[in-house]
Amino acid sequence: MLCESCGKNPVTTHVKTIINGKLTEYLLCAECAQRLGYGNLLTELGCNYGSLLGEFFGEAERTDSVRCQCCGSSFNDIVRSGKVGCAECYHTFYDRLIPLIQRIHGDTNHRGKVPGGSMLRKPPQEQLSLMRRELREAIRTENFEQAANLRDRIKELEGGNSHG
Amino acid sequence: MDDLRENGSEQDVVIRTRIHLTRNLRDIPFPSKMNRTDRLTLVHKAMDAVEENKALSHILRYMDMGSLSKTEAVSLVERYLVSAEFISDCEGRGVFITDDESMSIMVNEEDHIHIQSSLWGLNLENAYQKADILDDLLNRSLHFAFDKDLGYLTQNPVKLGTGMRASLILHLPALRGSGGIVRISSNLSKLGLSLRGVFETGEDSKGAVYQLSNQVTFGISEQEAIANLKSIATQLIHQERALWEELAEKPEIQDTVSRSLAILQSAKMMAYDEFLQLASNVRFGISVGLIGDIRSDQLNRLIIAMQPATLTLRSGKKLTQNERRILRANQVRDLLYK
Ligand SMILES: [Zn+2]
Ligand SMILES: [Zn+2]
C-alpha cells in the first residue's frame, strides 16, 4: 500500500485524527508522517512541559501505533497532555496507565461507591426509609411504574428482615 | 416549619456544606477532546435523563449557559451554583438547578457531569445523601464510566476514585486574627485536606471566610472521607471557639463589633468588600454573644445575596456601581435595623 500523501513510498504509519468530530485515518510513509508533524509525537516526548503524566514518564514509549477506538488518543497524547481522552482510553491503555496511577495514588484500589449500589451498602433500616421516600416521591409525581417497582423491592426487603 | 434535616449544626462557625460528585459518560470523549457537537450531544443526553425521570424533571430546571447575560452567569457563580471556570466558556454548557438552589448539575465542566448539593451549616451526611440519590437517578440513564479498581473514571487520573469533593465554608475570624491560618492550612495539606480563603485577594482573605475540603478521592470511601473532614472541621471549630471568650472581653473588639453593626444599620452606600468585612465582624459579635437580636443565618444569606451580580439580577434593572451601593445599603439596613 502506498502513502496517501505522496503516493510514492510504502505506508509505515497509521495516523488517526479527529476532524470536525469525525475520526479520520491516514496511511502515511515515514517521511510524510514526519513532514506533516505526526513524527513530533515521538520526538517531543523527552521534554514534557509541566504535564503531570509527563513527569512520571520521562522515558516515553517509542512505539505509538495503538490508538483509542473511541477518541483517537494515543498513549503519548495522554502523556503529553496529562489528560486521558475518554473512558475507553482507560481500557485501551490499562496496562500502561496502571503503573502511573499507582505512582500517583499508591498501591491501592477504589474503596467507594459502586454505580447505583449506594443503597446496598446502607443498613437495611436506612435503605428502607430511603426507598419509602423515593416511593412517596414517585407517587406524588405520578410515576406509577417506578412506584410499583419500588413497592415490590420494599416488600422484598421487609420480608427478608422478618425472616432473617 | 423547616425540615430539620435541612438545618445543619455549628452554624456559629460553619456557613455552608457542599458536596460535589464528578462523573463521566462512557461513549463521549472527555472534555479536552470534545468538540461542539460532542458538547451538544452530552447536553441532550443529560436533558433526556432528567426528563425521563419525573422525580428529577419535577425539581430541576435547565439553563443554557450560552444564552445567559454576563450578570446572570456571574450570579450563578456568586450563589455557588456553578464554578468560576464554568462561565469562562459558556458555549455548549448548561446547568440544572433546583428551585431552592440546594442542588445543581453542571454539564460540560472539567468533566462531563458535576453534581453538587449544598446545605446550610455543618450537614455533611445529609448533603452527601442528597447528592448520592441524584447520582443514582442520573446513572439509570447515563451509565457513568466506572472501573471496579479505579472507581469513577475522570479526565485527570489524579481525580480517580470516588470523584467526591466535600467542602465546608467556615467563618474563622478569631483564628485569622491570631495569624494561625497559614500554619493550620500547611498542616492540613499533609493530611490531604485544603483550607483556603473564599473571597481571596492575594494573601488576604476577606471576611475571614474559608473553604475546607478533602483532596483525596482514591483508596478511601465517601463515608471515610466525610468522617475525616468532619473530625478535622470539629477540631478547627474548637480552636476557633477557644479564642472567643478572651476576645469578647476586649474593649477594642467590642468597639469594632458595635461600630460595624451601627454602620450596617445606618450607611447610605456600601461596597461589597466593606459589607463583607462589617458582616464578618457582626457575625463574630453574634457568635460570642455581644449581639443578641440578629441571627447568623440572616447574615449568611446576605453574604450571598449582596454580591454585585446577584444584587443587580434581583433588582431586575441595570445598575451603575453607585446605584448598586445605594441598593445594597438599603437592603442591609432594612434587614438589620431594629
Ligand atoms: Zn508519503
Ligand atoms: Zn479514548
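Laboratory data are not the source of any read-out in this text; all were calculated from the coordinates shown. Predicted model only: the values in this text are computed from it and were never measured. Reconstructed Cβ throughout: ideal geometry from the backbone, glycine too, with neighbour counts over all protein chains shown.
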FRET efficiency for B:Asp64 and B:Arg196, Cβ-Cβ distance as r, R0 = 35 Å, nearest 0.05?
0.65
Determine the sum of side-chain charges near A:Lys83: Lys and Arg each +1, Asp and Glu each -1, restricted to other residues whose C-beta is under 13 angstrom from that of A:Lys83.
0
Summing +1 per Lys or Arg and -1 per Asp or Glu among the other residues with Cβ less than 11 Å from B:Asp12's Cβ gives 0
Kirkwood Rh and Cα Rg combined as Rg/Rh, region B:247-337
1.00
For B:Ala84 and A:Thr108, what is the calculated FRET efficiency with R₀ set at 25 Å and r taken between the beta-carbons, to the nearest 0.05?
0.20
Please tell me the relative contact order of region B:247-337 in percent, rounded to the nearest whole number, where contacts are Cα pairs under 8 Å and at least six residues apart.
40
Where does the charge balance sit around B:Gly163 when Lys and Arg score +1, Asp and Glu -1, over other residues with C-beta under 15 Å from its C-beta?
-2
If I take R0 = 56 Å and measure r between the Cβ atoms of B:His143 and B:Gln239 in this structure, what FRET efficiency does the formula 1/(1 + (r/R0)^6) give, to the nearest 0.05?
0.80
Average other protein chain Cβ within 10 Å of Cβ, residues B:147-155
6
So which lysines pass the test for A:Lys155, namely a Cα distance under 18 Å, with those fewer than 8 places away in the same chain ruled out?
A:Lys122
The simple spin-label model distance between B:Ser9 and A:Glu4, using points 7 Å out along Cα→Cβ, in nm, is 6.5
Quick one: of B:Lys33/B:Lys159; B:Lys159/B:Lys190; B:Lys70/B:Lys268, which pairs are farther than 20 Å apart, Cα to Cα?
B:Lys70/B:Lys268
Between B:Ser231 and B:Glu101, what is the label-point separation in nm under the 7 Å Cα-to-beta-carbon projection?
3.5
Trypsin sites (Lys or Arg not before Pro) within region B:148-196: DSSP coil, no more than 16 neighbouring Cβ in 10 Å:
B:Lys148
What nm distance separates the two modelled labels at A:Arg133 and B:Ala262, each placed 7 Å from Cα along Cα→Cβ?
4.8
Note down the relative contact order for chain B as a percent, whole number, built from C-alpha pairs under 8 angstrom at least six residues apart.
20
Filtering trypsin sites (Lys or Arg not before Pro) in region B:226-281 by DSSP loop and by at most 13 other Cβ atoms within 10 Å leaves B:Lys268
